[in-house]
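Notes to accompany the following structure.
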Amino acid sequence: MIIPYFIIIPLLAAFIISLIAGDKDEWAVILSTIATSFLLILSVFSFATMQNETIVYEMSAWKLPYGIVLVQDALTSFMLIMVSLISLTSILFSVSYIRNISEDWKYYSLFMLLVAGMNGVIITGDLFNMFVFVEISLLAAYSLVAFGNRAEEFEASFKYAVMGSVSSTLVLIGIAVTYSVTSTLTFAQISIEFQNVDHDMKMWIGGLFLAGFGLKAAAIPFHAWLPDAHSSAPAPISSMLSGVLIKILGVYALIRLFFNVFNAPDFFLTLFLLLGSVSMIFGVFLAIGQWDMKRLLAYHSISQMGYILLGLGLGTPLGILGGVFHLFNHALFKSLLFYNAGAVETVAGTRDLRKLGSLFKLIPITSQTSMAASLSISGIPPFNGFFSKLIIIIAAVQAGQPVFAFIAVIGSILTLASFMKVQRYGFRGEKNVEIKGEIDWRMNLAMITLAVLCLASSLMIVPGIKEVTLDPVVSVIVGKVSSIQSILGR
Amino acid sequence: MIVYILCFALILIGLYGVLTKRDLIKIILSLGILGYSVHLLLILIAYRKESLYPILSEGKKVVSMVDPLPQALVLTSIVIELGTTAVLVALAIRLFEKYKTYDITEIRRLHG
């Protein structure tokens with residue numbers, strides 16, 4: 001039984017770090033590196049060993065449908081791999097980046113709490129338990145956004161905290177209404193009871209959850225907090241927030257609830273499509289005018305989340321495949337881009353594209369990896385972003401929605417344009433930049449690892465590899481309620 | 001029915017406060033109202049007419065009882081809200097140190 005360890009390890013690491021670290025920050029680094037690499041090994045191992053099965057862990061031996069359960073299936077393990085991979089590289093990147101800001105051990109302790117909260121959201125099989133873990137990760141995220149002690153960071157963190165509290169309240173109202181009509185909180189049991197609920201009530205419940213988790217996923221009418229929070233945080237935290245947090249708390253929760261529990265009602269899939277296409281276009285239009293590198297990247301997160309929602313909203317297996325694949329790819333290249341922005345800020349002391357230039361000669365590794373990430377996000381062939389976007393566009397055409405396919409193509413072209421701006425002004429400009437800091441080998445290692453993975457993960461679509469990596473995940477989502485109800489029969 | 005409507009009105013008052021108030025402290029208080037009204041909603045859902053607290057003891061007949069689960073949820077939720085409010089207040093204090101004001105219309109260095 002390795003499921004509970006995905007929560008135990010980071011939670012334990014968080015507390016041990018705060019107990020023993022004190023003045024010796026080295027221990028905090030070592031402990032958190034060990035914890036995250038252990039999590040990565042565990043998640044890869046669990047994904048490799050269980051293909052289409054579902055494992056259930058009953059907490060305190062309370063039987064279903066009464067107790068709280070932890071559920072692990074292919075979708076869960078896939079998400080766990082994503083979280084562990086990004087958190088390991090973020091820790092690597094943080095070591096010298098964080099050193100001069102504040103007391104290190106607080107940072108690592110909060111970081112491990114963030115990971116614990118996300119892992120909890122992923123593996124839980126209970127609605128209220130999910131809410132609790134969402135709150136744990138959000139509390140850690142508020143504090144980490146404000147970690148740099150600058151006025152802008154407090155401002156961004158306050159906005160984020162207010163929006164986060166409102167969205168959590170909406171989710172809690174949703175939970176209350178769900179409980180009052182189904183008298184249960186376990187996903188599997190809700191999915192059975194939910195079929196008998198009358199239509200108006202379904203709309204209320206779906207609307208409350210869509211608003212609550214949509215706020216966390218930053219789909220466009222709910223996006224206002226994201227550019228501030230994600231651009232003000234320290235670079236490794238931006239990459240955690242943009243790379244995985246909005247996906248786990250937003251998209252993963254939406255997938256679990258709307259596909260596995262509510263059986264993918266058509267009305268809400270149409271809403272996904274609309275939200276997705278609006279986010280895609282407006283996100284990229286807002287991004288293209290930005291001169292702050294991290295702010296530009298943050299707006300692109302909104303736009304790329306639109307692609308994922310679009311793929312899921314199509315509801316066909318191919319569309320869902322594209323959505324899930326893009327989810328993973330976006331985690332890789334967006335984290336890499338935020339590391340690049342952090343490295344540029346370390347070297348040049350600014351991230352305003354107008355003040356940058358000729359960085360290509362100064363920091364070749366950062367420039368090369370940012371080139372790889374830019375090509376990935378704008379969808380240029382050998383990189384992973386091309387394949388996932390192509391699948392989403394093909395799926396949209398096949399599903400009889402050529403308008404959405406056209407919007408996706410337009411969004412992709414505008415993405416390319418805005419990243420040409422980043423490359424042109426940021427890395428290949430004429431201005432000379434003074435060197436103010438140095439990039440150490442750990443930062444380079446983190447960036448190179450993700451750049452290689454950006455290329456390597458496009459192999460996941462090759463027939464033969466696709467059957468063992470993406471197909472089990474898609475089958476969990478396409479199976480809708482049947483895949484979550486399978487845990488009840490034992 | 002009337003209690004549910006009043007509870008919903010309380011939720012809307014909280015939301016109105018969050019959206020329209022310009023003072024940081026008032027925003028935090030509005031979030032408090034919002035949270036408490038949701039807790040009230042949970043307790044109302046659990047309530048059954050003319051029923052007892054759900055504790056079995058000797059000599060007590062088993063009659064209709066209120067649902068204990070939402071009460072447990074409310075306890076958990078109160079603790080979470082305490083944490084969130086603490087973070088918000090801490091942030092408000094630090095913001096006051098930096099900007100010397102609680103007015104959000106003057107706290108706007110981030111834009112675009």
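Computed from point charges on the beta carbon alone (+1 for Lys and Arg, -1 for Asp and Glu), the dipole magnitude for the protein assembly as shown about its Cα centre is near 980 Debye.
A P(r) calculated from all alpha carbon pairs of region A:390-467, with 10 Å bins opening at zero, reads 14, 22, 35, 19, 9, 1 percent.
Look at the dipole of chain A built from charges on Cβ: of A:291, A:332, A:146, the Cα furthest out on the positive end belongs to A:291. Between the helical axis of B:68-99 and the longest alpha-carbon principal axis of chain B there is an angle of about 10 degrees.
Listed by chain and number, the aspartates and glutamates placed with their C-alpha closer than 17 angstrom to that of residue B:60 are B:50; residues fewer than eight positions away on the same chain are left out.
Counting Cβ atoms of other protein chains within 10 Å of each residue's Cβ and taking the mean over peptide A:159-167 gives 6. With a point put 7 Å past each Cα toward its Cβ, work out how far residue B:47 is from residue A:151 in nm, to one decimal. Modelled inter-label distance: 4.8 nm. Cβ crowding within 10 Å, taken as a proxy for footprinting-reagent exposure, orders A:104, A:266 from fewest neighbours to most as A:266, A:104.
Listed cross-link partners A:294/A:480; A:436/B:98; A:247/A:361 are compared with a 30 Å cut-off, the Cα-Cα value being larger for A:294/A:480; A:247/A:361. In the neighborhood of residue A:69, defined by Cβ-to-Cβ distances under 10 Å, what is the net charge if each Lys or Arg adds +1 and each Asp or Glu adds -1? Taking every Cβ under 10 Å from that of residue A:69, the sum is -1. Express the relative contact order of chain A as a whole percentage, based on alpha carbon pairs under 8 Å and six or more residues apart in sequence. This gives 16 percent for chain A. All other residues whose Cβ lies under 12 angstrom from that of residue B:23 are scored, Lys and Arg at +1 and Asp and Glu at -1, for a net of +1.
Peptide packing for B:50-56, A:237-243, A:320-326, B:98-104 was compared via the average number of neighbouring C-beta atoms within 10 Å per residue; ordered from the highest value, the list is A:237-243, A:320-326, B:98-104, B:50-56.
Per residue of B:73-86, what is the mean number of Cβ atoms on other protein chains within 10 angstrom of that residue's Cβ?
The shielding value for this peptide is 4.
Seen against the Cα atoms of chain A and their longest principal axis, helix A:74-98 is set at about 30 degrees.
Which residues does a label at residue A:380 reach in region A:404-447, if reach means a backbone N under 16 Å from a point 7 Å past the Cα toward the Cβ? Inside the label zone: A:412-429.
The angle between the Cα long axis of helix A:293-314 and the longest principal axis of the Cα atoms of chain A comes to about 30 degrees, rounded to the nearest 10.
Local charge for residue A:341 was computed over the other residues whose Cβ lies under 13 Å away, with Lys and Arg +1 and Asp and Glu -1, and equals +1. Its Cα gyration tensor gives region A:5-485 an equivalent ellipsoid, and the semi-axes of that ellipsoid, as √(5λ) in whole Å with the largest first, are 34, 26, 20.
Between residue B:62 and residue B:16, the contour length at 0.36 nm per residue exceeds the alpha carbon distance by 12.2 nm. Once you treat every alpha carbon in region B:2-99 as an equal point and sum by Debye, what is log10 I(q)/I(0) at q = 0.18, 0.21 Å⁻¹? Log10 I(q)/I(0), no solvent term: -0.89, -1.06.
Values in this text are rule-based calculations from the coordinates and carry no lab data. The structure displayed is predicted, hence computed values, not measured ones. We place every Cβ from the backbone using ideal geometry, glycine too, and count neighbours over all the protein chains shown.
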